[in-house]
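One structure is given below, encoded as structure tokens.
The values are calculated or read from the model by the stated rules, or taken from the named source; none is laboratory data. As the structure is a prediction and not an experimental result, all values here were calculated from the model. Note that each Cβ is placed from the backbone with ideal geometry, even for glycine, and that neighbours are counted across all protein chains shown. We work out accessible area using only protein heavy atoms, side chains counted, and drop any ligands, DNA or RNA first. Shrake-Rupley method; radii C 1.70, N 1.55, O 1.52, S 1.80 Å.
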Amino acid sequence: MKVTKRTFDAVIVGAGGAGLRAALQLSESGLKTAVITKVFPTRSHTVAAQGGVAASLGNSEEDHWHWHMYDTVKGSDWLGDQDAIEFMCRKANEVVIELEHYGMPFDRTDAGKIYQRPFGGHMSNFGEKPVRRSCAAADRTGHAMLHALYQRNVRANTQFFVEWMALDLIRDAEGEVLGVTALEMETGEMVAFQAKATIFATGGAGRIYYSSTNAFINTGDGLGMAARAGIPLEDMEFWQFHPTGVAGAGVLITEGVRGEGGILRNDKGERFMERYAPNAKDLASRDVVSRAMVTEINEGRGCGPNKDFVLLDITHLDPQVIMQRLPGIREISIQFAGTDPIKEPIPVVPTCHYQMGGIPTNYGGQVVAPRASSMNVAVPGFYAAGECACASVHGANRLGTNSLLDLLVFGKSAGETAVEDVKKSTRAHKDLPQEAIERSLERVSRLDTQKDGADVHEARLAMQRTMQNHCGVFRFADKLKEGVANILAVQQDVQRTGIKDKSKVFNTARVEALELDNLIEVAVATMISAEARKESRGAHVRDDAPDTAEKPNGRDDQNWLKHTLWFKEGNRLDYKSVKLTPLTVPTIELKKRAY
Amino acid sequence: MDEERGARLRRLRWHCRRALLELDLMFQRYWSRVGDDVEAADAAALERLVAMEDHDLWDLVCGRTETDDPQLMGMIERLRQE
Ligand SMILES: Cc1cc2nc3c(=O)[nH]c(=O)nc-3n(C[C@H](O)[C@H](O)[C@H](O)COP(=O)(O)OP(=O)(O)OC[C@H]3O[C@@H](n4cnc5c(N)ncnc54)[C@H](O)[C@@H]3O)c2cc1C
């Protein structure tokens, strides 16, 4: 196949919050910037974010970035890098106010300032009491953010390649990243995008799980591309689960339902949270509720023919309250659970929601990997931001509203670093290595020539079930071990998928097969990293690492206060230390994480 | 199926990839029911719906907003759970 070349100063893959924020930095500095995206920018998954974006503006009550930093370190169960966390929390006000200037319609106080509301885990005065830190635009925060950033990019002449799928990184023998190969869906044409800076902002890979709140688009393409190019993935064992996704569908039922009095029940109708969290009951934190639900299911008290979900009951609430205060919940339940929650409880299961790990970066957005004796050497020409990246600010567990902040802060800083690097370089573009392009082409053409290929849909389902059953909310040594063998077997099938439709124009079967190539890398990385980490920390909770006096919550700082790095080649693992030294303030010392 | 019609349907399927999981699932259900058996008028209605913003489209499906356009109304009915 013939491959055309297009040359830019910078190419960004992804047009969600992180990609658009990075693109703006580059275009406004006058660099020739391309953004490649599988879907129209304002169809990116960032649109789904409703809760808001965190910033210690202090508009509603006293607040400070240092308190926000403390909450984030604690939330991360001390696995977050404290330099990056300080950087993010200090920059929060700046990036949120910038966004306001770009036209983001934030909710306002009577005095005209950005209105702020409380959100789980965000506290004042180093964990004392909840603080109002989340800035929102009604229930469309992510949507409004993308619109503001997109308009601004259009003005800055960012060049968009919409409905293009990036396939592989182009990396030369010296390890420098020189761009990406991409497929135009409309024509089936392959193009090599050559750039001095390549920024990945491809979002998360939540679709590796059977039950996921993520839209179908979240297939971890950036992670797959990085892994194939020899770049490790960091802390992939850490996934945040939301306790209440609709069983079988994944659609998120907000915490607000339990806030309004919703009760979780097992097959006997028992309000089981009373046993696990006698005070907070159904309103305990996400991880506590999720684990309680899984314990009920594992001990045979689940509901339904397969006893594999529990029930969220709001039938005792006044129908008026349901209609007025929980709009949308009734419709979601009718559409996806087939039950009207006014009359019958909603079947729910803990559901994969957010990926804490990703492509390792520093707080300047440069992708870093081990080289010689150093663990964090910048990969020349390569940057990443947003959910696909691991800076690492979320560590073992993310606080709500910190992700949108991550997009803005690290999107911007990746952009800034790339601008500096491109402007510094006096050299012309390097030649593109033909072998890298060939490998990418082969991956596409294999699909057309594969004999007796495995079915894409079936292979994906096998992967999702394996992840759900062996590497879910609550993890068991034997299950993980078995999970490693099983996921490697699924990987064999993925390597020989075939497609029946060979057409060129909008061949969605081909796109889905190529996406599965990426998902499986993430799934394998997750399973292997999780099996190896023999402690409980944040979202990674093992049955064989329980809460003890020596190891509160099962956390083992002596052996496991370190980041995992998984390498595709040989499924090798390596570890690097957590950065415990912030930029200007003293270290936030290790403590038991308790709320 | 002629190539032009096939391409139109495949494009439409891709445009049913959304930012909201709710919509992904709804469209998935629709496509698994109809397969390639989509009449031109339905394809046209779908094309108009997928051009909408995700939240607006979901509001329409949930009945939080309404349309008096018969073409869209019919399609929305079919997208909802029977
Ligand atoms: C239901 C839900 C609610 C949430 N609510 C909140 C909230 O209130 N506050 C908060 O802080 N966080 C929230 N989150 C998390 C947050 O929304 C995400 O982490 C964040 O939006 C990810 O943004 P991103 O820019 O990294 O990626 P995305 O917005 O996912 O964008 C990824 C982009 O990459 C493109 N892309 C991917 N692969 C390729 C490829 N191969 N080729 C070309 N383009 C590609 C896509 O087209 C897309 O444009 C929520 C998440 C969910 C699921």
(request) Report those helices (runs of 4 or more DSSP H) wholly inside region A:188-294 carrying at least 1 residues which are free of Cβ contacts under 8 Å to residues at least 12 places away in the same chain and more than 28 Å from A:Gly175 (Cα to Cα). (result) A:273-276
(request) Inspect all residues belonging to region A:75-94 and state whether any of them is within 20 Å of the chain's Cα centre (by Cα), within 13 Å of the ligand (Cβ to nearest atom), open to solvent by less than 30 Å² (accessible area, probe 1.4 Å) and of a type in the set (Ser, Thr, Tyr). (result) no
(message) Between A:Glu531, A:Glu535, which is without any contact (Cβ under 8 Å) to a residue 40 or more places away in the chain and in contact with a helix residue (DSSP H, G or I) (Cβ under 8 Å, 6 or more places away or on another chain)?
(response) A:Glu535
(message) Can you tell me which of (1) more than 26 Å from A:Pro360 (Cα to Cα); (2) within 16 Å of the ligand (Cβ to nearest atom); (3) within 24 Å of the chain's Cα centre (by Cα) is the one A:Asn507 doesn't meet?
(response) (3)
(request) Under 9 Å between Cβ atoms, at least 6 apart or on separate chains: pull out the pairs that start in region A:43-56 with a residue that is more than 10 Å from every other protein chain (Cβ to nearest Cβ) and surrounded by fewer than 24 Cβ atoms within 10 Å (Cβ to Cβ) and end on any residue that is in a loop (DSSP other than H, G, I, E, B) and of a type outside the set (A, V, I, L, M). (result) A:Gly51/A:Asp139; A:Gly51/A:Thr254; A:Gly51/A:Gly400; A:Gly51/A:Thr401
(message) Criterion first (more than 11 Å from the ligand (Cβ to nearest atom), in contact (Cβ under 8 Å) with a residue 60 or more places away in the chain and either in contact with a Ser or Thr (Cβ under 8 Å, 6 or more places away or on another chain) or open to solvent by less than 20 Å² (accessible area, probe 1.4 Å) (or both)) does A:Leu26 satisfy it?
(response) yes
(request) For region A:400-407, indicate whether the set of residues that are within 30 Å of A:Ala55 (Cβ to Cβ) and in a loop (DSSP other than H, G, I, E, B) is non-empty. (result) yes
(request) Output the number of residues of region A:391-421 satisfying the condition of being in contact with a Leu (Cβ under 8 Å, 6 or more places away or on another chain) and either of a type in the set (Ser, Thr, Tyr) or within 9 Å of the ligand (Cβ to nearest atom) (or both). (result) 2
(request) Return yes when A:Pro327 is free of Cβ contacts under 8 Å to residues at least 40 places away in the same chain, within 29 Å of B:Thr65 (Cα to Cα), in contact with a Lys or Arg (Cβ under 9 Å, 6 or more places away or on another chain) and crowded, with 23+ Cβ neighbours inside 10 Å and no when it is not. (result) no
(request) Kindly establish whether A:Glu531 is within 14 Å of chain B (Cβ to nearest Cβ), under 21 Å from the mean Cα position of the chain (by Cα), of a type outside the set (Val, Ile, Thr) and surrounded by 21 or more Cβ atoms within 10 Å (Cβ to Cβ). (result) no
(message) Residues to consider are A:Asp501, A:Asp543, A:Asp547, A:Asp557; find the one that is within 14 Å of chain B (Cβ to nearest Cβ) and of a type in the set (D, E, K, R).
(response) A:Asp501
